[in-house]
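The values are calculated or read from the model by the stated rules, or taken from the named source; none is laboratory data. All values derive from a computational prediction rather than experimental measurement. All Cβ positions, glycine included, derive from the backbone under ideal geometry; neighbour counts span all protein chains shown.
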Amino acid sequence: MYFTSPVHARRVFSMQSCFMCGLVIDSKRIKLLRYNDPLLGPRQLPNFEHITEQKSVIEASDTFTVDTDRRVVKLKSGADCDIAVGSQLLYVVS
């Protein structure tokens, strides 16, 4: 599943949570995160005490760029150039 924006992703996760457990979660409580190292990050065991360690928050103003020919997803974040996202994203409900 591809998301057009972080806001779109938050809405989808909010709706999935609603259908899966019967809870309605405000989409503003969902933080979408990416690994700082898209290759090694998903392969390391997570530290559940510091779940956001070695990860960056994807802001609502950031935009995704999907290159279907190369099968690559990149993120344009503020003044930064395109950042490789990798194959996995995380979301945290606070």
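Quick check, is SER61 closer than 21 Å to ARG29 by Cα, free of Cβ contacts under 8 Å to residues at least 60 places away in the same chain, part of a loop (DSSP other than H, G, I, E, B) and among the small types (Gly, Ala, Ser)? Give the derivation first.
Values: closer than 21 Å to ARG29 by Cα: yes; free of Cβ contacts under 8 Å to residues at least 60 places away in the same chain: yes; part of a loop (DSSP other than H, G, I, E, B): yes; among the small types (Gly, Ala, Ser): yes.
Judged against the criteria, SER61 is a match.
Give the stretch 14-60 a look and list any residue that's hydroxyl-bearing (Ser, Thr, Tyr) and at pLDDT below 75, or say none. Walk me through it before giving the result.
Filtering the stretch 14-60 for residues hydroxyl-bearing (Ser, Thr, Tyr) gives 14, 17, 27, 35, 52, 56.
Within the stretch 14-60, SER14, SER17 qualify.
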On the given criteria, is LYS74 part of a strand (DSSP E or B) and surrounded by 10 or more Cβ atoms within 10 Å (Cβ to Cβ)? yes
